[in-house]
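In what follows, a single structure is set out as structure tokens and then discussed.
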Amino acid sequence: MAAEVLIRGGAQVDLYDAMPSVGRKFLRAGKGGLNLTHSEPYELFLSRYGMRRAHIKPLLDAFGPEALREWVHGLGITTFVGTSGRVFPTGMKTTPLLRAWLQRLRTSGVHFRMRHQWRGWDESGKLCFTTPQGTLSSGHDAIVLALGGGSWARLGSTGAWVPLLTERGVPVAALRPSNCGFDVGWSEHFRARFAGAPVKSVAVVFTDSGGATYRKQGEFIATTNGVEGSLIYALSAHLRDEIAAKGTAVMHLDLAPGRELQRLVAELSRPRGSRSMANHLRRAGIEGVKAGLLRELAPPQDFTDPALLGAAIKALPLRLIAPRPLDEAISSAGGVAFEALDEHLMVRALPGVFCAGEMLDWEAPTGGYLLTACFASGRAAGLGALAWLKAFTT
């Protein structure tokens, strides 16, 4: 996005990438269908950026969800709004969009330089790269850094840039996993039977140590190590921060969100007769992995009392002990502090150097919010660099 703004503004643009081809994490983001943005009301959309809303808002005011859709249409790609309100390209694929975009950039004159790993600055102030041909130094009048966070390192987001900026006095918040799974510590019995099983039609309630309560309904996956999936990702920032502060985070699962407790207890109070407990629970809609979770997490005495069993089904405590490693996360929190940047995303300590994308200190849930803000920040950094260049040459 920065390159597009700059080339249209008359600048000469070199785009350096450490990987053999560009857009690898962008392609990964669209593996299950490219969720570009979301169609929900703008104020609700802004709320998804949490504590960094005030810093993200100016970027989205200038290039928000509707502007992004129009930009995609300009590449010859149509979009549609799914039943959840999420916006996708028609066909759901990333490749046609990326191919059209790269073609437009190349035709406009952007020079792509692959397999160039940035190593900071040399003694003369030029950018220093490691390339297959050896070390290269290159001078530029303005620089936009869009180096990603620290997740999915094999796609290029290694976080190797952090010391290169901190040693020059740029404040960088530690990179942490965001939109991530969590470790639980299942028993071997549960792990062997249910690892990989989707837990559908379930609600999660989490109250943090400050008293704030969050409730979400949807589905997640029981993994070998713990839990992951859209329902967990939606709460991951709160859960991660609670673990950092308290050592663990306890959320409660409602395994039967469509049933009221009173009705559930009445169903469980009916005589079992010769039926097994598994068949008895099935009457209440609890079977498969849900029954497994109940067996794993509820104390044995609850199964002898319909009231206790019903209460466990409606609020089953699940203790999370650690977020999964950063490299496994969909995205990362932390990065260059907005306080270190001016309103054009230029690093105050490094005049002429701009930052964009996931390397900035913000996070958002999945649902199109990550990509929208990355596009918007790239555009803003490009405009800032263009303004710097114009001032530089006058």
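Going down the table (Lys31/Lys290; Lys200/Lys290; Lys200/Lys314; Lys216/Lys314; Lys25/Lys57; Lys126/Lys390), which pairs top 18 Å between alpha carbons?
Where the Cα-Cα span goes over 18 Å, the pairs concerned are Lys31/Lys290; Lys25/Lys57; Lys126/Lys390.
Helix 53-62 against the longest principal axis of the chain: what's the angle in degrees, Cα atoms only, rounded to the nearest 10?
That works out to roughly 60 degrees.
Identify which of Pro132, Pro323, Pro257 has the largest mean-square fluctuation in a Gaussian network model of the chain, with springs joining Cα atoms closer than 10 Å.
Highest fluctuation of the listed residues: Pro132.
Which entry in (1) 0.98; (2) 1.05; (3) 1.08 matches Rg/Rh (Cα atoms, Kirkwood Rh) derived from the coordinates of this structure?
(2)
Determine the gain in length on full extension of the stretch Arg283-Gln103; use 0.36 nm per residue of separation and subtract their C-alpha separation, reporting nm with one decimal.
Between Arg283 and Gln103, full extension yields 59.0 nm more.
Hey, in the GNM for the chain with a 10 angstrom Cα cutoff, which one of Leu253, Leu136, Leu97 fluctuates hardest?
For the chain, modelled as a Gaussian network with Cα springs under 10 Å, the answer is Leu136.
To make sure I understand, if each residue's beta carbon is the centre and we count other beta carbons within 10 Å, what order do Arg263, Arg119 fall in, fewest to most?
Least to most surrounded, the residues fall as Arg263, Arg119.
For n ≥ 4 DSSP H runs only, could you compute -39500 (n - 2.57) per run for the chain, divide by its residues and tell me the 222 nm figure to the nearest 500?
Helix contribution divided over all residues of the chain: -10500 deg cm²/dmol.
Tell me the relative contact order for the chain as a rounded percent, counting alpha carbon contacts under 8 Å between residues six or more apart.
24
Taking the Cα centre of segment 104-261 as the origin and placing charges on Cβ (Lys, Arg +1; Asp, Glu -1), which of Gly226, Leu105, Cys180 is farthest toward the positive end of the dipole?
Highest projection toward the positive end goes to Leu105.
When the expected Rg is taken as 2.2 N^0.38 Å, what fraction or multiple of it is the alpha-carbon Rg of segment 182-323?
Rg over 2.2 N^0.38 Å, computed on Cα atoms: 1.04.
Out of the GluC sites (Glu not before Pro) in segment 34-109, which ones are loop residues according to DSSP with at most 13 other C-beta atoms within 10 Å?
Passing sites in segment 34-109 do not exist.
With an 8 Å cut-off on Cα pairs and a minimum separation of 6 or more residues, tell me the relative contact order of segment 87-221 in percent.
10
Rounded to the nearest 5, what % of the DSSP beta bridges within the chain are antiparallel ones? Mind showing how you got there, number by number?
Details: 44 of 51 bridges.
Among the beta bridges of the chain, antiparallel pairing accounts for roughly 85 percent.
Under a 5 Å amide H to amide H cut-off, with H placed in plane at 1.01 Å, what residues pair with Arg168 once short-range neighbours are removed?
For Arg168, whose amide H was placed from the backbone, there are no distant partners under 5 Å.
What is the helix-to-structure angle for 230-246, meaning the angle in degrees between its Cα long axis and the longest Cα principal axis of the chain, kept from 0 to 90 and rounded to the nearest 10?
Between helix and principal axis, roughly 90 degrees.
Can you give me the Cα centroid spacing of segment 211-267 and segment 1-50 in angstrom?
31
Check Ala322: other-chain or 5+ apart residues with amide H under 5 Å from its amide H, H built from backbone geometry?
Asp183
Can you give me the relative contact order of segment 182-323 as a percent, contacts being Cα pairs under 8 Å and 6 or more apart?
About 32 percent, as a whole number.
Hey, got the dipole for segment 146-294? About the Cα centre, +1 on K and R Cβ, -1 on D and E Cβ, debye to the nearest 20?
For this selection, approximately 580 debye.
With charges only on Cβ, +1 for K and R and -1 for D and E, what is the dipole size of the chain about its Cα centre, in debye, rounded to 20?
Taking the Cα centre of the chain as origin, the dipole is about 1180 debye.
Tell me the Rg and the Dmax, in Å, that the Cα atoms of segment 62-169 produce.
18.1, 55
Dimensions of segment 1-134 along principal axes (Cα, Å, largest first)?
So the extents along the principal axes, rounded to whole Å, are 51, 34, 30.
Order of 361-367, 212-218 by packing, highest average Cβ count within 10 Å first?
Per-residue mean Cβ counts within 10 Å order the peptides as 361-367, 212-218.
Among 28-36, 219-227, what's the highest-first ranking by average C-beta atoms within 10 angstrom per residue?
Details: 28-36: 17.6, 219-227: 19.8.
Peptide ranking by packing, descending: 219-227, 28-36.
Every number in this text was worked out from the coordinates using simple rules, so none of it is lab data. Here the structure is a predicted model, which is why all the values come from computation and not from measurement. Neighbour counts are summed over all protein chains in view; Cβ atoms, including those assigned to glycine, are modelled from backbone coordinates with ideal geometry.
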